[in-house]
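*Asks:* One structure coming up, written as structure tokens, with questions to follow.
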Amino acid sequence: MKKPKQPKFNFYWIYAAVAFFFIIIQLFNVVSSPIEKTTKQRFFTDFLTEGEVEKVIIVNNEFVEVFIKENKLNKEKHKKAKSKNIGRINNPHYFFNITNGTQFEDDLKDFYEKNSQIQLSEQVIPDVSIRKNFINDIIGWMIPLVIMLGIWFIIMKRMSGNGSAGGGIFNIGKSKAQLFDQNTKQKTNFKDVAGLEGAKEEVKEIVDFLKNPKKYTSLGGKIPRGVLLVGPPGTGKTLLAKAVAGEAKVPFFSLSGSDFVEMFVGVGASRVRDLFRNAKSKSPSIIFIDEIDAIGRSRGKNQITGANDERENTLNQLLTEMDGFGTNHHVIVIAATNRADVLDKALVRAGRFDRQIYVDLPELNERKDIFKVHTKKLKITNKLDLNFLAKQTPGFSGADIANLCNEAALVAARKNKKEIQKSDFLDAVDRIVGGVERKNKLMTIEEREIIAYHESGHAIVSWMLEFAAPLVKVTIVPRGKSLGAAWYLPDERQITRVQQMLDEMCATLGGRAAEEIVYNKVSTGALNDLEKVSKQAKAMVSIYGFNKEIGNITYYDSSGEDSYFNKPYSEDTAKKIDAEIKKIIEKEYLRAKRILVKSKKSLKELAELLLNKEVIFKEDLEAILGKRKWQTVEKINIKKMRK
């Protein structure tokens, strides 16, 4: 039987009650006051000139009390003051505020000097009185105290978090995990996760174990205690965890690794203990920790004390909870990270995170399925080919495709269309990959020609090489930071050979080669190209072992422990690596120049066409150079072959 939820105590009611109390006191003082309020001007011009004042008292240098003669109270103007004073002995009839008692006395003397007809016996000499008002004194010191307590409470509440579990000054060590159970409306399930078939199978097994544990335990098997989702950003790790929350009929605790981080010592470890305590009390259950690298980084690498020690304490507590004495086997931990290489080895060992599921960028068919999911709510034309869109987006993650679909909808709305068409998606791809068009950017005629020849050089060299990516579109309209751009459709390879990398480098250097052939000069426009080929050549020599001089050896460290100051090779080897990198780049640059010299006429024709049209497509290149003879290698589906 579920316990009824206890109503939360709202501290803001205290503030409202105190404010209401002060207002009531002030109203009571005003309403219950037996003294009629008047003005200083009326006191001089009305009361004194007619000789009605018996005496005056200056109280606390703040206000003046006025006593009217008994025989004058019967006048019509004093009836209200007299009625308020009935039954009160020796009480003043009027009062008015002043700024300074001495100044009031001087004003009184000046008045009598100007009105000399008033006899000396009728002149009033003010008395001075100092009185203590205990209510005002109490209010005076209570208001600052209440304000200070309120500020202190708000600061402590914010420091301890505003979540239902972690909020409040006394709950600073409580877990901030968000609980999803059968009563929570969690609509995401495995049907909403397109692609990721291998990862879904692994996670489905976890969900199935929690639903039917006897199916596995009857054979003596044990379910993994932890599952680590690893992969690039935007590939759907968190979405997969949401689907688990929607599919599993068990409590699901979700939080981020940064939720354990706090400025107070011991808070992170306390929150870990509280999280697992809650999960064990509701077992079988699942804990999902997103971005676990915030607390799971390797220990001992940073010698600086302070926050690092607190993070390590949190990690030590997490290690103990996952596989220590008294571990509850019915609590499964699912974590996600982009940086599995920086995690502590004790965290990813068997017995804690038994399984690592790599969530990779989607393949062609998976991208098509992702497009189906994200175009369901869009008003797209019936002629839209999702297979074509999947081919146009190699290297896109699931998040990139979702952003692309949204951008296409915005492009269509900007053009006042009623449906989203193929051209809108292509424009969205251009905008995401290259940036926003800047047609108003000022360029000279010579600069425009250089850009046209540069992009034409890329297009022709890539068209002539077997393993270079085929051209899709070329433009000399500035986009983002680039002054021109060429779009290619690279093959989705699982492995890359030497000749494939060399052809890609040669095509990349085609732009600078075209500038030198036409103008016998080069420009700064090839900066990005040079950066790209330098990284590729360095990888060939020092990582992939593609160079004969260096040999079949790699200097790549997947653990990330090697730094710039701790190179894994000698100075002589470093000189050889530099020489080989330069040799590879210069060789491919000369090859690009030879290709363009043979096709100089086509280069000029393509550049002129580009200057006239600003944007050319694959069909325009085929009209000048002929059809590309290299055919795309047929792809096979390993899963279907196994069936």
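The values are calculated or read from the model by the stated rules, or taken from the named source; none is laboratory data. Quick caveat, the model's predicted, so the values are computed rather than measured. As a convention, Cβ positions derive from the backbone with ideal geometry for all residues, glycine included, and neighbour counts pool all protein chains shown. SASA here: full protein model, heavy atoms, side chains in, ligands and nucleic acids out. Shrake-Rupley method; radii C 1.70, N 1.55, O 1.52, S 1.80 Å.
*Asks:* Just to make sure I understand: if all protein chains stay in place, what is the order of Thr393, Thr45 by accessible area at 1.4 Å, largest first?
*Replies:* I get Thr45, Thr393, largest accessible area first.
*Asks:* Need the list of aspartates and glutamates near Lys601 for cross-linking: C-alpha distance under 17 angstrom, and skip anything on the same chain fewer than eight residues off.
*Replies:* Here the aspartates and glutamates satisfying the reach criterion relative to Lys601 are Glu449, Glu455, Glu515, Glu516, Asp620, Glu622.
*Asks:* Tell me, what is a quarter of the convex hull surface for the C-alpha atoms of segment 455-579, in nm² with one decimal?
*Replies:* 10.0
*Asks:* Please give the direction-averaged projected area of the C-alpha convex hull for segment 380-493, in square nanometres with one decimal.
*Replies:* 8.5
*Asks:* So what's segment 353-402 giving for Cα Rg divided by 2.2 N^0.38 Å, two decimals?
*Replies:* Compared with the compact-globule rule of thumb, segment 353-402 sits at 1.34.
*Asks:* Arrange the residues Glu407, Glu202, Glu419 by how much accessible surface each exposes, largest first, with a 1.4 angstrom probe.
*Replies:* Result, largest first: Glu419, Glu202, Glu407.
*Asks:* Hey, another quick one. Once the other residues with Cβ under 10 Å from the Cβ of Leu384 are scored (Lys, Arg +1; Asp, Glu -1), what is the net sum?
*Replies:* -1
*Asks:* List the residues whose amide H sits under 5 Å from the amide H of Ile287, counting only those 5 or more places along or on another chain, with H placed 1.01 Å from N in the peptide plane.
*Replies:* Phe253, Ile332, Val333, Ile334
*Asks:* Just order 368-376, 616-624, 424-432 by mean Cβ neighbour count inside 10 Å, highest at the front, would you?
*Replies:* 424-432, 368-376, 616-624
*Asks:* For Met464, Met148, Met505, give the ranking by accessible area with the largest first, probe 1.4 Å.
*Replies:* In descending accessible area the options line up as Met148, Met464, Met505.
*Asks:* Among Ala346, Ala390, Ala409, which residue has its Cα positioned farthest towards the positive end of the charge dipole of segment 344-418, with +1 placed on the Cβ of Lys and Arg, -1 on the Cβ of Asp and Glu, and the dipole taken about the Cα centre?
*Replies:* Ala409
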